[in-house]
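Below is one structure, written out as structure tokens; comments come after it.
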Number of protein chains: 4
Amino acid sequence: MSHNSFGHLFRLTTFGESHGPAIGAVVDGCPPRLTFRREDVQAALDRRRPGQSRFTTQRKEPDEVEILSGVIEAEDGTLTTTGTSIGLMIRNVDQRSKDYSNIAQSYRPGHADFTYDAKYGVRDHRGGGRSSARETACRVAAGAIAQLVIPQVRIRGALVAMGQIEIDRSRWDWEEVGQNPFFCPDRIAAAEMEGYLGGVRKSGSSVGAVIEVVAENVPVGLGAPIYGKLDADLASAMMSINAVKGVEIGAGMAAARLTGEENADEMRAGNERAPRFLSNNAGGVLGGISTGQPVVVRFAVKPTSSILTPRKSIDTEGAEVDVSTKGRHDPCVGIRAVPVGEAMMALVLADHVLRHRGQNG
Amino acid sequence: MSHNSFGHLFRLTTFGESHGPAIGAVVDGCPPRLTFRREDVQAALDRRRPGQSRFTTQRKEPDEVEILSGVIEAEDGTLTTTGTSIGLMIRNVDQRSKDYSNIAQSYRPGHADFTYDAKYGVRDHRGGGRSSARETACRVAAGAIAQLVIPQVRIRGALVAMGQIEIDRSRWDWEEVGQNPFFCPDRIAAAEMEGYLGGVRKSGSSVGAVIEVVAENVPVGLGAPIYGKLDADLASAMMSINAVKGVEIGAGMAAARLTGEENADEMRAGNERAPRFLSNNAGGVLGGISTGQPVVVRFAVKPTSSILTPRKSIDTEGAEVDVSTKGRHDPCVGIRAVPVGEAMMALVLADHVLRHRGQNG
Amino acid sequence: MSHNSFGHLFRLTTFGESHGPAIGAVVDGCPPRLTFRREDVQAALDRRRPGQSRFTTQRKEPDEVEILSGVIEAEDGTLTTTGTSIGLMIRNVDQRSKDYSNIAQSYRPGHADFTYDAKYGVRDHRGGGRSSARETACRVAAGAIAQLVIPQVRIRGALVAMGQIEIDRSRWDWEEVGQNPFFCPDRIAAAEMEGYLGGVRKSGSSVGAVIEVVAENVPVGLGAPIYGKLDADLASAMMSINAVKGVEIGAGMAAARLTGEENADEMRAGNERAPRFLSNNAGGVLGGISTGQPVVVRFAVKPTSSILTPRKSIDTEGAEVDVSTKGRHDPCVGIRAVPVGEAMMALVLADHVLRHRGQNG
Amino acid sequence: MSHNSFGHLFRLTTFGESHGPAIGAVVDGCPPRLTFRREDVQAALDRRRPGQSRFTTQRKEPDEVEILSGVIEAEDGTLTTTGTSIGLMIRNVDQRSKDYSNIAQSYRPGHADFTYDAKYGVRDHRGGGRSSARETACRVAAGAIAQLVIPQVRIRGALVAMGQIEIDRSRWDWEEVGQNPFFCPDRIAAAEMEGYLGGVRKSGSSVGAVIEVVAENVPVGLGAPIYGKLDADLASAMMSINAVKGVEIGAGMAAARLTGEENADEMRAGNERAPRFLSNNAGGVLGGISTGQPVVVRFAVKPTSSILTPRKSIDTEGAEVDVSTKGRHDPCVGIRAVPVGEAMMALVLADHVLRHRGQNG
């Protein structure tokens, strides 16, 4: 029932505001005797870090992770988990509070300024405080540890739509994802996005995106019906990411337009009594339980509301004002959501591997 | 961490299979001194009950709810909650197991037959066992009690698409929802659906649907960032309903195609320092916290895989077979998901009202 | 965070008042493919059932358990768990509400009448309502299922003190426990108790008791430090039983009077690198983790406050009154706490077996 | 279900080993707009800190707490909680690992060395790793924040027995508690303890202790029956403290020896329909719910097993060895458990205030 915790047996608890001294996470329930290096976690963080291209915020954060507990360090730097809680901390270093002074007095449309004030009666306005996407760095660090629990599972994310531009799935190439600043698997769409997003950025506007995360080699049997279904937990995981407004599994919203004949994934004989599925509209989940097919999740990230164009709003006294956001911002926050979505997938799967093992041995 | 529980402070635990002696629920954490009548819960169940039109399964279940605990009954039948756990039970009466004998030996495509077997090594195949939509009756009964916690909140659901037919939102009329067998708010679309679904039914096929649930008069401030966000819990709630493959809040997946200017809901001065929003792309949730606007959730229900057309599958020994479903079935299971979606909305909101009150007084 | 749930992976949720239609339980997270018979659960309930000697309340409750879900029944009555939630229900049949009419208006000293009213503003006074020891029948039924998860573990309870009478541990004989109405392992003390408690009963008084529960063959490694320590969960489990005021592990409160030399259990070489302990002051738990030695828990049950002697109290209006309890009552409620303590031990151990397996494989 | 979390609405998660870089805590669910200063938390830590007299370990730890999140700092240093998770960190500075080198290869009797190895297959042996009492510093820091939630409640702890020496309750003087190095409320007993413990220390032995924690002005109505009873949560809280082997509420284990006449606390008319109790055998809890009387908890702390006298044990290979502990150690670890017990009381009460408010408004 912890507001800032995610998961059950493999459990993440995070803390920290955008402009406080540090953000951090506690990873609880991690199995013992898993080995990794600090650099592995750092590498995951580096993929998410802003400031790597002109298409993400220029805030400079080295995002150096410190591992405070839960591991034994060998002389060569290898870390071995001990089964106790793993404390992670990332110091905030680029805290230019002056950029955000106007937020203190007025509510940015599309942001959580008003709702935090309404809920808590107090708000850390600097850089969005707790509602800042900066919190997602903790997810990425924890996701790197979650991945250790499921070494055979391959999790990859990609940006499949940006604003009006959608990829052509026939051109999907995972190799391409690392070759452009958008995590886009379609080289031609990526080129189009480059010009498009450059224009968006120059005009001080922003656009949304759709991210797809695919997990391969997921064991069959993960998911705990009825209220711990794998897809329900994935939906919660992805919807908890900043700015996400929709989540789909497999065929997703389009499943509503299909007939039963089209939708049900037929089966043929596979290995060891398991079926070989002829399609994957289910997105790898039936009845809340993984089928052994790739688990496929998509989510929509809304465009950031931090834009140059003045927008109608009110201030904290209730008076009407116009608000525009100057200074650095992300023209498409969806880009950086790709590694975050991968991390959430890893966290959900690691938790369900442990939960399944707990009940079913 | 209970597999069969939903919610935290207001918490539902369910049990029961389609063809066992009974299904039931325990509602825990309900505030004391709320009053209702058994008939109120029964009325909610009656809305969901199958067999009410030719478009839902003809399984005859009176679905009579028995309230076993947690209330004091006055002589006039008024029930007052005592703050202790409320036990609810519904006996199963129409258990024609013979209809389902073939399911025991083979896996129906699109159903959870294979995954339950793979996860548990054993399966109650009769009527889908635990994975049957019958479990949702417990949600509806509990939702009726959850509604007592939030008397000022008005929750209504509607079917907004069936197969290829979408409603025209300019014709939305809540009064219409009760006037057709589809919970459809658009009279003209409903008429079209009637003919369409009749054909689907006769051909032994099935279609999917999109359901929209709207909660009005939701207090501002509900939702517990970061991992108990209102929208994340709604996503989990709706995705946990049988056959749901996608969940959207407000603009949903379409938010990805909007610009920041289009998406952010502008504000003008409202009452008591609260804003009046000029649009509701946020679906009533910003930063995981309710804004006071209507909370709008949509979800897609896939077409049932119980169809007459033979489909390729395997049996429990791994051999290839063809499977078709004879006998009664729902041509559009999405219809009966409307009251279930309403119930899940009530459960989420009731839980968050208590959680918010707990932390914030 | 469920008020009426106990455990995490193996989880019990109960409902029901003393004088409502029924009490019941949902057992969630039970591993699949365990086999038992309804009679096994019934036998556990029968051990706890009142009315079996003149030393327990004469309330006649057959306490027939109905198993509503979570199992598949074979033709010979064998039940196999399916991994889904197991619903259990026991109808209340002996509801002589007239016996309790005076409780509605005044607060019995030592009972929860005042606190329930103060907390909830409403109270089901009949037979103590939810605070009645009747709820413990659900624990016993669930404990019988928990025992299936840990078949190698032998759990036995005994009454080791009644009022001023303590057993002589040198005479401890487990066989004796089933030979007297007190679950007392010391034949000579049992004989003494018989005369003593007869006098207590005739005078309308009551006495307390100390119960000891021992679990043998507990696997080493159970318990989840820091806040899910095995002993902490046992303490919570036993303290949650009605009328319990103290819980001890191993040497218990007496550990305070020992020196480090006396207290620490020395070790000699045992099998497979595991130690053979030379004593068991630890009660089988070190650092919150089981050692492989017998887990030993003791708890004190206060005397029931339902006595003939008038006691000073107030009524619901705050006026001073005298209260005495007429009619049937238990002169020593601790007796019936023995099977309840055994059940709680089983529930804690089963949960920790699954938790340990989840994290550690 | 988090192994390293305590509480539900007000929730503590801790991390850190004795000899790692840092220990820390996340306090989640804290109500917003509470004000305090870093010095308040530091003062609580200073009460617990070792090295303050010759009767506690000479390990030098400044135990400086850093507050990383969840608060807004005013220019004068006043911190205001924002309702988001509060990150706390304490760097470890006195890590003389060489003192503990022998622990790596053998199991100290009475310590968790063997059980951690058996459970996890790996162990941070330095200073006891995660099982070190050092973790309790996190509890004390979090307890200081919990106290902010219940400003009207006064929580005080005292050492009431050390080894064979018990206090005379007729001499109880809370003022005395701060005047001796034992938190002892009986001046004469404290003097006796000084000589006694000096001898124990010199001989390299150790003794146990009994701690009593009293909370006054606790609101009536706290506690969530059946499985979130206030006394059950207190029992779990205290039993989770290192080396605790028994927990008592009110009359505690002695309740078993009382008659119903002696035990039940009689009531006379008090203020506003609430009773004035004539005694407090209940320890302020009836039916798991607070009565408004002082909540009284006692717990026994075993003597530390770190003693000079060689004790029989085995090494990690299973071979028989003798173990003795050289260097600094606490002759009576119970002394430092006093502020820890106070902190756990605060954590339990703060959680239950929020839980009660959540359900009951």
Next item on the list: Give the chain C residue with the shortest beta-carbon distance to the rotation axis relating chain C to chain B, plus that distance as a whole number of Å.
Entry: C:Thr13, 2
Item checked: Surrounding net charge for B:Gly77, when Lys and Arg each add one and Asp and Glu each subtract one, Cβ distance under 13 Å -> -3
Next item on the list: Indicate the gyration tensor shape class of the stretch D:221-339 (rounded, prolate or oblate), computed on the Cα atoms with a ≥ b ≥ c the square roots of the eigenvalues: a/c under 1.5 is rounded; otherwise a/b larger than b/c is prolate and the rest oblate.
Entry: prolate
Checklist line | Simple label model, 7 Å out from Cα along Cβ direction - D:Glu317 to C:Ser53, nm | finding: 5.5 nm
Margin query: Which GluC sites (Glu not before Pro) in the stretch B:280-361 sit in a loop by DSSP (not H, G, I, E or B) and have at most 13 other Cβ atoms within 10 Å of their own Cβ?
Written below: B:Glu317
Notebook entry, point to check: At B:Glu64 and B:Ser203, where each label point lies 7 Å from the Cα along Cα→Cβ, what is the point-to-point distance in nanometres?
Noted result: 4.2 nm
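Please average, across the residues of C:21-31, the number of beta carbons from any other chain that are within 10 Å of each residue's own beta carbon, and give a whole number.
The per-residue average across the peptide is 6.
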Next item on the list: Find me the longest stretch of chain A that has none of the exposed trypsin sites (Lys or Arg not before Pro), where exposed means in a DSSP loop (not H, G, I, E or B) with at most 15 other Cβ atoms within 10 Å.
Entry: A:97-272
Note to self: Run lengths n ≥ 4 of DSSP H only: what is the helix-derived mean residue ellipticity at 222 nm for chain C, with -39500 (n - 2.57) per run over all residues, to the nearest 500?
What the structure shows: -7500 deg cm²/dmol
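Run the numbers on the stretch B:163-240 and let me know its relative contact order in percent, using alpha-carbon pairs under 8 Å that are six or more apart.
19 percent
Between C:Glu75 and A:Asn271, what FRET efficiency follows from the Cβ-Cβ distance if R0 is 35 Å, with the result rounded to 0.05?
Values: r = 34 Å, r/R0 = 0.97.
Calculated value: 0.55.
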Margin query: Report, in listed order, any pair from C:Lys312/D:Lys229; C:Lys229/D:Lys202; C:Lys245/C:Lys312; C:Lys326/D:Lys245; D:Lys245/D:Lys312 with a Cα-Cα distance greater than 31 Å.
Written below: C:Lys229/D:Lys202; C:Lys326/D:Lys245
Margin query: Let me make sure I get this right: for the stretch B:63-180, a, b and c are the square roots of the gyration tensor eigenvalues over alpha carbons, sorted descending. Under 1.5 in a/c it's rounded, otherwise prolate if a/b > b/c, else oblate. Which is it?
Written below: oblate
Notebook entry, point to check: Over the stretch C:257-361, what is the relative contact order in whole percent, taking alpha-carbon pairs under 8 Å and six or more residues apart?
Noted result: 14 percent
Next item on the list: Starting from the amide H of B:Ala22, placed 1.01 Å from N in the peptide plane, find each other amide H under 5 Å away whose residue is 5 or more places distant or on another chain.
Entry: B:Glu17, B:Asn92
Check: In nm, one decimal, shortest first: how far is the label point of D:Asp40 (7 Å from Cα along Cα to beta carbon) from the matching points in the other copies?
Finding: 4.1, 4.2, 5.4
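Is chain D best put as rounded, prolate or oblate by its Cα gyration tensor, with a ≥ b ≥ c the root eigenvalues, rounded for a/c under 1.5, and otherwise prolate when a/b is larger than b/c, oblate when not?
Since a/c reaches 1.5 but b/c is at least a/b, the shape of chain D is classed as oblate.
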Notebook entry, point to check: If you count, for every residue in C:313-326, the Cβ atoms of partner chains within 10 Å of its Cβ, what is the mean?
Noted result: 3
Note to self: With +1 on the Cβ of every Lys and Arg and -1 on the Cβ of every Asp and Glu, and nothing else charged, how large is the dipole of chain D about its Cα centre, in debye rounded to the nearest 20?
What the structure shows: 460 debye
Note to self: For chain D, what does the relative contact order come out to in percent, with C-alpha contacts under 8 Å and a separation of six or more?
What the structure shows: 22 percent
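Where does the charge balance sit around D:Gln147 when Lys and Arg score +1, Asp and Glu -1, over other residues with C-beta under 10 Å from its C-beta?
Every neighbour counted, the sum reads -1.
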Notebook entry, point to check: Shortest first and in nm to one decimal, what separations exist between D:Arg54 and its copies in the other chains, measuring from label points 7 Å along the Cα-to-beta-carbon line?
Noted result: 6.5, 7.4, 9.9
Margin query: Name the residue from A:His8, A:Ile335, A:Gly270 whose Cα lies farthest towards the positive end of the charge dipole of chain A, charges +1 on Cβ of Lys and Arg and -1 on Cβ of Asp and Glu.
Written below: A:Ile335
Checklist line | Total formal charge among the other residues, if their Cβ is under 10 angstrom from that of D:Val323, Lys/Arg +1 and Asp/Glu -1 | finding: -1
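FYI, it's all coordinate maths here, none of it is from the lab. Here the structure is a predicted model, which is why all the values come from computation and not from measurement. Note: ideal-geometry Cβ built from the backbone for every residue, glycine included; neighbour counts use all protein chains shown.
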